[in-house]
Amino acid sequence: MREIAADLYLLGGKPRNFFNIYLMGDVLVDSGTRYAARRILREVGKAPPSALALTHGHADHQGSAHEVCTTLGIPLLCGAADRSAVESGDIRSLLPPHWSSAVSTKLWAGPGHPVEQVLRDGDEIGGFRVIDTPGHSPGHISFFRDEDRVLILGDVVFGLNLVTGRPGLRLPPDLFTPDPEMNRNSARAVAALEPSLVCFGHGRPVGTEEFVSFVETL
């Protein structure tokens with residue numbers, strides 16, 4: 001685990017930056033695939049977080065939620081429109097119909113888990129403000145800290161190509177994004193905040209100029 005901004009940590013993982021998990025104050029953000037539980041528990045075990053918050057319910061963010069929340073005895077939180085899928089474990093319902101959705105869900109998703117609290121635009125958690133950023137999933141949310149403009153973006157924009165591992169900003173594939181135009185609007189909305197540091201679900205963090213310049217091309 002390494003500190004990437006004040007009181008914000010990026011957990012370790014291999015390949016590096018493929019499936020990012022953050023500790024935001026005392027709140028864990030995302031849980032990787034269902035194979036990530038062991039490394040999460042190892043890294044946070046000495047100081048367990050107070051909650052697990054999902055940016056969205058896709059399998060590579062929801063996968064270890066049930067095991068982590070059950071083992072640590074902490075509540076699960078997510079956006080309202082993703083709640084049903086996260087609780088039931090029906091992750092495919094958040095994705096466009098495509099064979100790849102079935103494959104990724106089968107490989108990476110974990111069982112459903114009760115959501116104790118729905119996070120809504122403007123809520124505060126872990127020192128960050130919740131921002132509704134729908135499109136990649138119906139209930140996708142991001143987290144923004146106004147005092148230093150640090151943004152935890154989730155999958156509104158990718159910071160690498162998950163097939164090749166090559167770094168570079170790109171939109172998430174349409175085959176995993178129910179509403180690509182809404183997702184682009186979400187990217188524009190957070191870019192308008194001119195975040196000083198953008199932390200992705202996939203990829204290394206980047207600064208203001210790189211992120212805003214990319215969004216301006218959309």
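The values are calculated or read from the model by the stated rules, or taken from the named source; none is laboratory data. Model, not experiment: these values are computed from the prediction. Cβ: placed from backbone, ideal geometry, glycine included. Neighbour counts: every protein chain shown.
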(Q) Please count how many residues of region 120-170 are assigned to a loop (DSSP other than H, G, I, E, B), of a type in the set (S, T, N, Q) and crowded, with 17+ Cβ neighbours inside 10 Å. (A) 2
Q: Go through the residues of region 33-41 one by one and say whether even a single one is free of Cβ contacts under 8 Å to residues at least 12 places away in the same chain and of a type outside the set (V, I, T).
A: yes
Q: For region 71-91, enumerate the residues that are within 16 Å of R34 (Cα to Cα), surrounded by 15 or more Cβ atoms within 10 Å (Cβ to Cβ) and among the β-branched types (V, I, T).
A: V86, I91
Q. Do you know which of the residues in region 6-24 that are out of contact with any Leu (no Cβ under 8 Å at 6 or more places or on another chain) and either closer than 23 Å to G139 by Cβ or acidic (D, E) (or both) is surrounded by the fewest Cβ atoms within 10 Å (Cβ to Cβ)?
A. D7
Q. Got a number for residues in region 98-115 being exposed (fewer than 15 other Cβ atoms within 10 Å of the Cβ) and closer than 19 Å to A37 by Cβ?
A. 4
Q) What's the number of the condition I141 fails, among (1) closer than 15 Å to Q62 by Cα; (2) touching a residue at least 40 places away in the same chain (Cβ under 8 Å); (3) touching a helix residue (DSSP H, G or I) at 6+ places or on another chain (Cβ under 7 Å); (4) of a type outside the set (G, A, S)? A) (3)
Q) Here are some conditions: (1) among the hydrophobic types (A, V, I, L, M, F, W, C); (2) over 15 Å from the mean Cα position of the chain (by Cα); (3) modelled with pLDDT under 95. F18 meets all but one. Which one does it not meet? A) (2)
